[in-house]
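One structure below.
Each reported figure results from applying straightforward, stated rules to the coordinates on display, with no laboratory input. A quick note: this is a predicted structure, and the numbers were derived from the prediction, not measured. Methodologically, a virtual Cβ is constructed for each residue, glycine included, from the backbone with ideal geometry; neighbour enumeration extends over all protein chains shown.
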Amino acid sequence: MSKVPGVWPVMLTPFRKDGAVDFEGLDALTEWYIKCGVSGIFSICLSSEMYDLTDEERTAVASRVVSRVGGRVPIFASGTFEPGQEAQIDSVRRMADTGVNGVVVIVCQMAEEGQDNTTWRKNVEVLLKSTGEVPLGLYECPRPYHRLLDADTLGWCGSTGRFAFVKDTSSEEASIAAKLEATDGSPLRFYDACAATLWRSLEHGADGFCGVAANLYADLYVWIFRNYREDPETARQLHRFVSVAERAIGIGYPSSAKLYLQKLGLPITSRCRVKQHQFSERDLLILDDLTEMICEWRERIGSPLIEEVV
């Protein structure tokens, strides 16, 4: 969890045509992320279709990713799915037993919608006391409802010393700046989920990107972080591309991301357990154009994926 900006993809879960988890496809996807140069992997998140996996599948997927990565990058995975403190504590412990480097607390699961931050903090305090020294993360997941942490609350999380990761989904520069100021000096590392605000979040000291677009071109984000100081003009041009392209990715996501990776040659299907998107001819044309633009950028920056056949 270094202070060098980096990419943490929100990992997809490949499924076989019969709907079962495709563990061989999961291995291939893991290796693809590593090849892109990612700094870590956020497994078991909304992009993983985590609410559509059983408890056993969630721990099996996390265990498989840990085994495949073999310590090359850190792995975080969500672990507070069930309502009720005892169930959440047990969930964190079981996920920690998979060998992940940290278990992510789903922010909206720690208090009911409408309850204030004082209640949220009290519930988290119980979790902290009951999970030993398990390293934790935070995820402002939009389901089952979208709860955003304010700067004071996130600052308190950082002060506990237990939180090493936060995926911010506010998409607001003022909020991001305040949160980064509140957590300055703490072990908490801040990852923006929004491509549009990423450049400004980096200017405020963010630690990188953790968003859906990393499932198509994590390597482009890696290049931005490695070069935005040495070659700011090209990095800014590339950022403008990823900012706009993120909208195209939203067409049928996560099916769109799986379809794209399938075109790259990864041995996975576009099958999802969430609502399966029926791509129109227009949708497919947009995704084809996006694919061509990604290839053009890979050639321009000399991406390690430049030799991939699309």
Which entries in the list 129/179; 129/167; 35/263; 35/258 go over 19 Å, if you measure between the two C-alpha atoms of each?
129/179; 129/167
For residue 273 and residue 54 in one chain, what is 0.36 nm times their gap in residues minus the Cα-Cα distance, to one decimal in nm?
77.7 nm
How much length is gained if the chain between residue 171 and residue 126 is pulled fully straight, taking 0.36 nm per residue apart and subtracting their Cα-Cα distance, in nm to one decimal?
13.3 nm
Net charge dipole size for segment 53-150 [Lys, Arg +1 and Asp, Glu -1 on Cβ; Debye, nearest 20]:
420 debye
Subtracting the Cα-Cα distance from 0.36 nm times the residue separation, let me have the gained length for residue 35 to residue 203 in nm, one decimal.
57.8 nm
Which value in nm describes the separation of the simple spin-label points at residue 23 and residue 118, placed 7 Å from the Cα toward the beta carbon?
4.9 nm
Please work out which option in (1) 0.98; (2) 1.02; (3) 0.95 gives Rg/Rh (Cα atoms, Kirkwood Rh) calculated from these coordinates, and answer with its label.
(3)
Only helices at least 18 Å long along their own axis, judged from Cα atoms, and with Kyte-Doolittle mean hydropathy of 0.0 or greater: name those in the chain from DSSP H.
23-36, 214-227
With the cut-off at 1.5 for a/c, could you classify segment 89-157 from its C-alpha gyration tensor as rounded, prolate or oblate?
prolate
